[in-house]
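No value in this document is a laboratory result; all are computed from the given coordinates. Bear in mind that the values here come from a model prediction, so they are computed numbers and not experimental data. We place every Cβ from the backbone using ideal geometry, glycine too, and count neighbours over all the protein chains shown.
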Amino acid sequence: MGRPALIVAGLLATAALALGTADSPLSGRTTSTSGRFVIYSKDAIRRSLIAQHAEAARTTWNAKLGSDENGGHPIIIQDLIGSAKPRGNPNAATAIFEGDGGILKVQTSIYDVSVLRGQALDWEIYRALGLEWIYRNHPPKAGKPFRSPPTWLLEALTQQERMRQDGIPAGVYAVLLRSERPPKLEDFLRAKPELMEPTSLTLYRTQALAFLNALEELPEGGRGLGGFLSSLVREDNDLKSLLAAFPSLENDSSRLGKLWTLAIARDSAGKGAELLNVGETSRALQSLLDLSAQPDPKKPDRTTPTGAAALSSIAKSEGGPFLMRQKSAEFFTLELRAHPLLKPVIEEYRNITTQLAQKPRKNVDRRVEENGKIFDLLIQRSGHVDDYMNWFEATQLDTLSENFLEITSPAAPEKRTDPISRHLDAIEDRGW
């Protein structure tokens, strides 16, 4: 879900353009309960879902940076699912524009239904809230570059929601703590998670949440975070700007690094998650494989692939490699918590998506098909085992059979008469 830190908004300068002339008209509008979000969508159910997501994200944002009840510009969210996606656009895009009269406009456009699953939509809403916060009092001018909120903050907020829903296995923290050297702040702040492979991305998200927790525990807390974001309108998103927003650190980056390392260690003690059973693992895997490729306009008669079979088509689409990296990270997280019976299946899906992220045109259809067959056989075998155990438990007697209540003594063995036995008997008779 990472995005470049700097985006040029050179061609969108009016309110009409901010709403996107190619995407209009949009029928159906909903204003969220707080009034901070205006959602456009032809689908009333999706409008309601997006509004709920937006309000939940706003609540989390306010808890971290402080309430915005007395300020803030409305944020526009457009549901463009089903319409033609501009070439080169990701499945969701958030940007900031100069509207009529220099009014600030922040807008999120959703082009694919996959954004509504998982934390992709939350990430975009947090980015919109961050952009509005940075430029609230200093609207950008059309054609000028603008700064985005730091990626580590967006990843930390979405990771918090991910942990709330699924938990994070202690194994993730174990990997972080096994390192001989503590992580470097400078490297962390410069990292580009959108280019990371799944394992590194999962670890980065966990580090980001620990980093946010460490900053929250400083005396400045949310006020310091808000000041840091506001400073981005004129400062770079770097360690120097961050230290300036938290005077209690006394401009000592090593102190912040120690607090960050301690936060990782502390989180490792209380954020473990139990392994899932077979049924829970199966449902979680099926949720990750709830995929659908875009229909091919050149072949309208061909059935659109769904589920795991859609992975190859999605990988070849615009932004496909990025989506495969995201999906591979999700498989990795599930693999750490999965029931041992299904771990190999999830590992294979992770390997497939990792390979597709590197080589989108790689033919993996046979591997996907074989892995699906193995998954079905394992679920079937697990069901048979459950049926047998249920039968075994149901057929057990609550009381013992009377045939076993009378215990009879075994017959005495015949006395041995060989020389050694007679000698031992004689010794015993003498009392030796």
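Key figures for this structure:
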quantity	calculated
Exposure proxy ranking, count of Cβ atoms within 10 Å, fewest first, for R36, R164, R117, R127	R164, R117, R36, R127
Calculated from backbone phi, Karplus (6.51, -1.76, 1.60) coupling profile of the stretch 246-263 in Hz, x at Gly/Pro	10, x, 5, 7, 6, 6, 10, 5, 5, 5, 5, x, 5, 4, 5, 4, 5, 5
T303 paired with T199, simple spin-label distance in nm, labels 7 Å along Cα-to-beta-carbon	3.8
Out-of-range pairs (alpha-carbon distance over 18 Å; input K64/K240; K64/K184; K327/K362; K85/K192; K316/K362)	K64/K240; K64/K184; K85/K192
Nearby lysines by direct alpha-carbon distance to K105 (threshold 17 angstrom, same-chain neighbours under 8 apart not counted)	K141, K144
Alpha carbon convex hull of the stretch 278-394, projected area averaged over orientations, nm²	8.2
Per-residue HN-Hα couplings for the stretch 217-230 [Karplus 6.51, -1.76, 1.60; θ = phi - 60°; Hz; x = Gly/Pro]	7, 6, x, 6, x, x, 4, x, 4, x, x, 4, 4, 4
Ranked by how many other beta carbons lie within 10 Å on average, peptides 344-350, 246-252, 55-61 from highest	344-350, 55-61, 246-252
Residue order, fewest to most beta carbons within 10 Å, for Y126, Y388, Y204	Y388, Y204, Y126
Gain in span if fully extended, A265 to T31, counting 0.36 nm per residue against the direct Cα distance	80.0 nm
Proxy reagent accessibility, fewest Cβ within 10 Å first, across M324, M389	M389, M324
